[in-house]
Amino acid sequence: MPKVTIDVNDDKLKLLLEVADVLDINREHIDIDMEVPAWHKHILKERLGEYNAGKAFLTAWEDVEKELDNEEANEV
């Protein structure tokens, strides 16, 4: 199978993925290589340091969703 590499502006990535869906391209074969800005890396390093020092904790996404749903239900 041929391999194609293209550069896509961030604002066009969603469109490209939609086109891939229309063309029935298996997304498992799409490799999105995005550059992570240095400030993102800095924040992640800080947060990992806090976690490793026991100053922060992780929450499962499912628990976050439940909490958000509860907050939304209380607003009604």
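The values are calculated or read from the model by the stated rules, or taken from the named source; none is laboratory data. Everything numeric in this text was worked out from a predicted model, so none of it was measured. Cβ: placed from backbone, ideal geometry, glycine included. Neighbour counts: every protein chain shown. The protein model used for the area step is the full one, side chains on, heavy atoms only, and it has no ligands, DNA or RNA in it. Shrake-Rupley method; radii C 1.70, N 1.55, O 1.52, S 1.80 Å.
Annotations
- Here the chain has 54 percent of its accessible surface on carbon and sulfur atoms, given a 1.4 Å probe and all protein chains in place.
- Solvent-accessible heavy-atom area per residue, rounded to whole Å², over the chain at 1.4 Å: 103 Å²
- At 0.890 mPa s and 25 °C, Stokes diffusion of the chain via Kirkwood alpha-carbon radius, µm² per second: 146 µm²/s
- ³J(HN,Hα) computed for each position of the stretch 25-31 - Karplus, 6.51 cos²θ - 1.76 cosθ + 1.60, integer Hz, glycine/proline x: 7, 5, 5, 4, 9, 8, 9
- Among the lysines of the chain, pairs that are 8 or more positions apart or on different chains and have alpha carbons within less than 23 Å of each other number 4.
- Rounded to the nearest 20 debye, the dipole magnitude of the chain is 520 debye, with +1 charges on Lys and Arg beta carbons, -1 on Asp and Glu beta carbons, and the Cα centre as origin.
- Loop-located chymotrypsin sites (Phe, Trp or Tyr not before Pro) in the stretch 7-61 (DSSP state other than H, G, I, E, B) with a sparse environment of at most 10 neighbouring Cβ atoms within 10 Å: 57.
- When the GluC sites (Glu not before Pro) in the stretch 1-59 are filtered for DSSP coil states and for at most 16 other beta-carbon atoms within 10 Å of their beta-carbon, the remaining sites are 35.
- Additional length obtainable on full extension of the chain from residue 39 to residue 4, 0.36 nm per residue less Cα span: 9.6 nm
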